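Have a look at the structure below, then the notes.
The values are calculated or read from the model by the stated rules, or taken from the named source; none is laboratory data. As the structure is a computational prediction, the values presented were derived from the model and not from experiment. A quick note on method: Cβ atoms are made from the backbone with ideal geometry, for glycine too, and the neighbour counts reach across all protein chains shown. Please note that ligands, DNA and RNA were not included when accessible areas were found on the heavy atoms of the full protein model with its side chains. Shrake-Rupley method; radii C 1.70, N 1.55, O 1.52, S 1.80 Å.
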Amino acid sequence: MDATPVWLMRQAGRYLPEYRKLREEAGSFLDLCQNPELACEVTLQPLRRFDLDAAILFSDILTVPEAMGLGLHFVAGEGPHFAHPVRTPGAIDRLVMPDIEEELGYVPAAVRLIRRELDGKTPLIGFAGSPWTLATYMVEGGPSKNYQHIKALMFNAPDALHRLLDLLARATAAYLNAQIAAGAQAVQIFDTWGGVLSPANYRAFSLAYMEKIVAQLEPGPDGAVPTILFTKGGGPWLEDIAATGTSAIGLDWTIDIDDAAARVGDRVALQGNADPAILFARPERIRAEVRDILDRFGDRPGHVFNLGHGVTPQVEPDHVAALVDAVHEFSAR
Ligand code: CP3
């Protein structure tokens, strides 16, 4: 069928009972991520339920700082925490580039397994966090309300923060290249916290490092691999994001997709951009929202339907099915 393709950020995870069951048996979330067989199983779970057009590797963006020795753990109801946050220029200069094969080999191993299981039927997306987003967790030590520590570092010791971001960009490029070599067919960079910066600081401390990563990516076994840059809150800067050379931009829901397309449409593909909260609405209302986004995008080429951020754990799986099916139904050509 020729229709708009759809996948969802966080399409695997806690809203699925089969995920919660496996997670209970496996122990911790990190145990799931670090076991290629289990990571493969969780990646495939949403594809068994829904008519999705892509799989996304089940992992986390914080595997990279974990591999750099920061001591990652998850506190129930609070999110990720690092035992050893990196708060000072001295601590930054003691960090070393992780050995991808040695410390993170479980990720390309999962990619190889998933590709074998998918058997060419559905493409697999790999991912990583943006250097700025990883640095916010590494400096704050966990989730943050006002980004006090990283922003103090940015204003008081910008050279030290640039050294951290440069190290993270090199580590992330190597990490994504390992996923690509293992068979990832597209890669998305999650810049969850780029939107908390001023325009000038976004360009200097977030976008510049995503641009470096895009430039360092190598072709995979089947040729060049498309890239998706997703900055939550990045609507004001779409022209700058398009100018990095990325193949696609992920949009959150605070911008109308027709406005975004008018600004950058023929330079990059657009991914998005339903409000994730639409999944709390009744199926008929979900269908209307899907139709509105498809109508706005119109007949232009290059739309991948998605939410503007991840599926939340409280969502009813049937509502996800309603959204996915509506995308195919209303965009069928
Ligand atoms: O999209 C997918 O299906 C792939 C899986 C995926 C996860 N994390 C699984 C996960 C992806 C792409 C991520 C990326 C990620 N991780 C981001 C960027 C995207 C975003 O949501 O903004 C960020 C900021 C993280 C860091 C992180 N990891 C957070 C904030 C949390 C939530 C903590 C909580 O308890 O709510 C995690 C844990 C996490 N990552 C879970 C899953 C399924 C939940 C773990 C569990 O308890 O089972």
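Structure summary
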quantity: Among the candidates Asp252, Asp266, Asp240, residue that is under 28 Å from Val324 (Cβ atoms), at pLDDT 95 or above and of a type in the set (Asp, Glu); calculated: Asp252
quantity: Single residue of segment 191-203 satisfying the filter (touching a residue at least 12 places away in the same chain (Cβ under 8 Å) and either open to solvent by 30 Å² or more (accessible area, probe 1.4 Å) or part of a loop (DSSP other than H, G, I, E, B) (or both)) that is nearest to the ligand (Cβ to nearest atom); calculated: Thr192
quantity: Number of positions in segment 32-63 that are more than 8 Å from the ligand (Cβ to nearest atom) and under 18 Å from Ile228 (Cβ atoms); calculated: 4
quantity: Members of segment 1-55 found to be assigned to a loop (DSSP other than H, G, I, E, B), of a type in the set (A, V, I, L, M, F, W, C) and over 21 Å from the mean Cα position of the chain (by Cα), listed by number; calculated: Met1, Ala3
quantity: Residues located in segment 1-26, provided they are away from the ligand (no atom under 11 Å from the Cβ) and more than 24 Å from Ala186 (Cβ to Cβ); calculated: Pro17, Glu18, Lys21, Glu25
quantity: Every residue from segment 261-275 that is out of contact with any Ser or Thr (no Cβ under 7 Å at 6 or more places or on another chain) and among the small types (Gly, Ala, Ser); calculated: Ala261, Ala262, Gly265, Gly272, Ala274
quantity: Cβ pairs under 8 Å, 6+ apart, first in segment 143-163 and aromatic (Phe, Trp, Tyr), second at pLDDT 95 or above and open to solvent by 60 Å² or more (accessible area, probe 1.4 Å); calculated: Tyr147/Trp193
quantity: Subset of segment 70-107 [in a helix (DSSP H, G or I), open to solvent by less than 50 Å² (accessible area, probe 1.4 Å) and closer than 23 Å to Leu176 by Cα]; calculated: Ile92, Ile100, Leu104, Tyr106, Val107
quantity: Flag for Val107 being within 16 Å of the chain's Cα centre (by Cα), on the phi < 0 side of the Ramachandran plot and within 16 Å of the ligand (Cβ to nearest atom); calculated: yes
quantity: So Asp258, is it of a type in the set (Asp, Glu) and open to solvent by 50 Å² or more (accessible area, probe 1.4 Å); calculated: no
quantity: Among the residues listed as Ala178, Ala157, Ala186, Ala152, the single one being closer than 20 Å to Arg112 by Cβ, more than 16 Å from the ligand (Cβ to nearest atom) and open to solvent by 10 Å² or more (accessible area, probe 1.4 Å); calculated: Ala178
quantity: Positions within segment 120-149 being of a type in the set (Phe, Trp, Tyr), open to solvent by 10 Å² or more (accessible area, probe 1.4 Å) and touching an Asp or Glu at 6+ places or on another chain (Cβ under 8 Å), in sequence order; calculated: Tyr147
quantity: Criterion violated by Met68 - all others in (1) farther than 23 Å from Leu16 by Cβ; (2) away from the ligand (no atom under 16 Å from the Cβ) satisfied; calculated: (2)
quantity: Contacts under 8 angstrom Cβ, first residue in segment 206-217 being touching a residue at least 40 places away in the same chain (Cβ under 8 Å) and closer than 14 Å to Arg163 by Cα, partner assigned to a helix (DSSP H, G or I) and of a type in the set (Val, Ile, Thr), 6 or more apart; calculated: Ser206/Thr133
quantity: Segments classed as strands (runs of 3 or more DSSP E), wholly inside segment 226-287, with at least 1 members that are of a type in the set (Ser, Thr, Tyr); calculated: 227-231
quantity: Residues being touching a residue at least 40 places away in the same chain (Cβ under 8 Å) and either surrounded by fewer than 15 Cβ atoms within 10 Å (Cβ to Cβ) or among the polar types (S, T, N, Q) (or both) - total across segment 274-328; calculated: 6
